[in-house]
1. Do we find that Val305 is within 22 Å of Pro442 (Cβ to Cβ) and either more than 22 Å from the chain's Cα centre (by Cα) or open to solvent by less than 30 Å² (accessible area, probe 1.4 Å) (or both) in this structure?
2. Does the stretch 293-311 include one or more residues that are within 16 Å of the ligand (Cβ to nearest atom) and in contact (Cβ under 8 Å) with a residue 12 or more places away in the chain?
3. Report every pair of residues separated by at least 6 positions or lying on different chains whose Cβ atoms are under 8 Å apart, first residue within the stretch 148-163 and assigned by TED's automatic domain parsing to the domain that holds Ser225 and farther than 18 Å from Thr232 by Cα, second among the polar types (S, T, N, Q) and modelled with pLDDT under 95.
4. For the stretch 427-452, enumerate the residues that are among the acidic types (Asp, Glu) and under 16 Å from the mean Cα position of the chain (by Cα).
5. Could you grab me the full set of residues in the stretch 150-203 that are under 19 Å from Glu10 (Cα atoms), within 12 Å of the ligand (Cβ to nearest atom) and either open to solvent by 10 Å² or more (accessible area, probe 1.4 Å) or not in a helix (DSSP H, G or I) (or both)?
6. Identify, by number, the condition in (1) within 13 Å of the ligand (Cβ to nearest atom); (2) within 19 Å of Gly20 (Cα to Cα); (3) buried (at least 24 other Cβ atoms within 10 Å of the Cβ) that Val221 doesn't meet.
7. Where residues in the stretch 426-479 are aliphatic (A, V, I, L, M) and open to solvent by 60 Å² or more (accessible area, probe 1.4 Å), which of them is farthest from the ligand (Cβ to nearest atom)?
8. Among the numbered criteria (1) aliphatic (A, V, I, L, M); (2) crowded, with 24+ Cβ neighbours inside 10 Å; (3) in contact with a Phe, Trp or Tyr (Cβ under 8 Å, 6 or more places away or on another chain), which single criterion is violated by Ile265?
Amino acid sequence: MSPSKVSNIEFDKFYNIVNGEQRGSKEIHHGVNPSTGEELWDVPIASEQDFNDTVAAAKKAFPAWRDTPVEKRKELLMKFAELFQQHADEFTKLLCKESGKPQKVAAIEVGGVSGFIQYHCSLDIPSDKFDDDEKTVYTEYTALGVCGGIIPWNFPLILSVGKVAPALLTGNTMIVKPSPFTPYTGLKMVELAQQIFPPGVVSAVGGNNELGAMLTTHPDVAKISFTGSIATGKKVMEASAKTLKRVTLELGGNDASIILPDVDIKKVAPEVVMGAFQNSGQVCVATKRIYIHESIYQDFLQEMVNFVKTIKVGAPEEGDNLLGPVQNSMQYEKVKTYFADSKAKGYKFAVGEPDIQDSKGFFIKPTIIDNPPNDSKIISEEPFGPIVPTQPWSDLDEVIARANDTNTGLGGCVWGKDVEKAMSVARRMEAGSIFVNSWEKPTPQAIFGGHKESGIGGEWGKTGLLAFMNARVIHVYKN
Ligand code: NAD
């Protein structure tokens with residue numbers, strides 16, 4: 001079992017990775033630097049032939065990889081984590097260019113890659129044994145085969161490794177399809193991985209949405225691990241049904257943050273702001289609705305406004321910014337519609353400006369809308385940008401009902417000094433991950449998945465490994 005041949009890694013040339021080799025293409029596209037609007041490097045668009053070759057190589061590599069002892073698979077994954085870490089600075093620079101993230105923020109995502117792999121390598125593949133006078137029943141879990149990982153543009157690295165690590169650990173092979181908006185770090189990570197893994201174990205094909213659709217229909221792909229919007233998730237599920245692929249869908253959310261009356265306002269208000277505006281609001285589990293107890297509503301909102309006014313927004317190379325631009329022009333235009341709607345309806349802007357000043361990059365100042373009505377666009381939809389509404393509440397049952405009154409259920413937060421009380425509120429929220437006294441910080445140590453239209457199934461953590469395996473039960477009868 002020898003690794004692929006790719007050895008010279010250059011951070012300004014990009015390839016699809018097919019059967020362990022770099023492959024270019026006649027057709028190219030490119031990302032755009034969201035801080036400047038300038039085109040970035042060329043990226044090959046995988047052709048149908050490239051795609052079919054990639055699936056064939058992943059299928060060929062599967063049996064040997066599945067039969068490689070799990071301890072050996074872990075050893076290679078750990079080696080990859082170490083190798084990746086050696087290139088952390090280059091990946092951070094690349095991530096800044098393609099995503100616009102401030103350097104400190106990009107460095108956290110890059111650091112998370114090794115952390116993610118290391119945690120997964122500490123897990124055992126689950127198994128179970130039942131024994132009685134008549135029989136012994138062994139419940140074992142086996143790899144699925146070729147998995148396809150379809151990635152959105154908001155966390156191109158961590159969401160790629162979040163699929164690759166558990167898939168490879170459990171003996172599957174994996175094809176990564178990055179978002180066309182952020183193809184660079186995902187392709188480069190998979191290229192680097194060829195120095196460690198045998199050809200076909202982990203591959204990458206870059207291109208447009210059609211390539212994602214091809215993954216969902218190919219008969220030799222056993223599973224789709226998809227992260228993206230609810231609308232696309234539904235298409236993925238529909239297409240995957242034709243070959244009964246396993247699917248995990250990690251989709252959008254409209255997280256509520258409930259502030260109980262006993263919080264320390266000065267301490268908690270800036271944290272709640274961070275929950276809403278982390279990565280300029282472009283986080284599936286960002287706080288998207290803030291419910292503050294009426295007895296502290298004005299003071300709490302004022303503290304949030306004070307903190308927002310200190311937040312610096314700018315390009316990664318401009319120094320000490322907390323927030324960067326919106327990642328792409330499509331999303332920029334979409335976020336602007338929430339500003340236009342709030343202005344047209346006469347909602348109060350507690351901080352931020354209704355009219356976004358056009359600049360070279362896709363910059364938007366963080367904005368809070370003070371108490372818009374329940375049926376407003378800003379409350380009922382996911383803006384996925386730096387704009388968030390606040391509303392007061394007085395009755396706990398009523399605010400929990402308001403928080404749950406959505407077709408999504410990805411995450412949520414509850415803030416209160418009385419932790420038992422806050423936890424009892426958390427248990428009544430209809431969502432996959434609830435954070436008590438913290439903003440939303442998903443972690444590899446726990447399964448991550450949504451309720452309602454926020455997804456199907458979940459990945460990460462010990463339970464998440466099962467999403468990459470079939471159960472196989474062996475019933476042994478005693479003679
Ligand atoms: P998107 O759905 O537009 O695209 C996601 C990926 O799907 C891209 O790689 C795209 O090329 C691909 N794709 C597009 N059409 C496809 C098709 N028909 N079949 C297969 N693949 C297809 O999402 P986006 O705009 O990149 O990401 C933003 C959305 O993702 C937000 O709604 C956000 O909440 C959600 N998101 C969810 C999570 C989570 O873990 N739950 C994490 C990050 C983002």
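The values are calculated or read from the model by the stated rules, or taken from the named source; none is laboratory data. From a predicted model like this one, the values you see are computed outputs, not experimental measurements. Because the Cβ atoms are built from the backbone with ideal geometry, glycine has one as well, and the counts that use them run over all protein chains shown. Quick note on the areas: whole protein, heavy atoms, side chains included, nothing else; ligands and nucleic acids left out. Shrake-Rupley method; radii C 1.70, N 1.55, O 1.52, S 1.80 Å.
1. no
2. Checking the stretch 293-311: not a single residue is within 16 Å of the ligand (Cβ to nearest atom) and in contact (Cβ under 8 Å) with a residue 12 or more places away in the chain.
3. Sorted first by the residue in the stretch 148-163, then by its partner, the list stays empty.
4. Selection gives Glu440 alone.
5. Pro156, Pro178, Thr182, Pro183
6. It fails just one condition, (3).
7. So, considering only residues that are aliphatic (A, V, I, L, M) and open to solvent by 60 Å² or more (accessible area, probe 1.4 Å), the one farthest from the ligand (Cβ to nearest atom) is Val476.
8. Every listed condition holds for Ile265 apart from (2).
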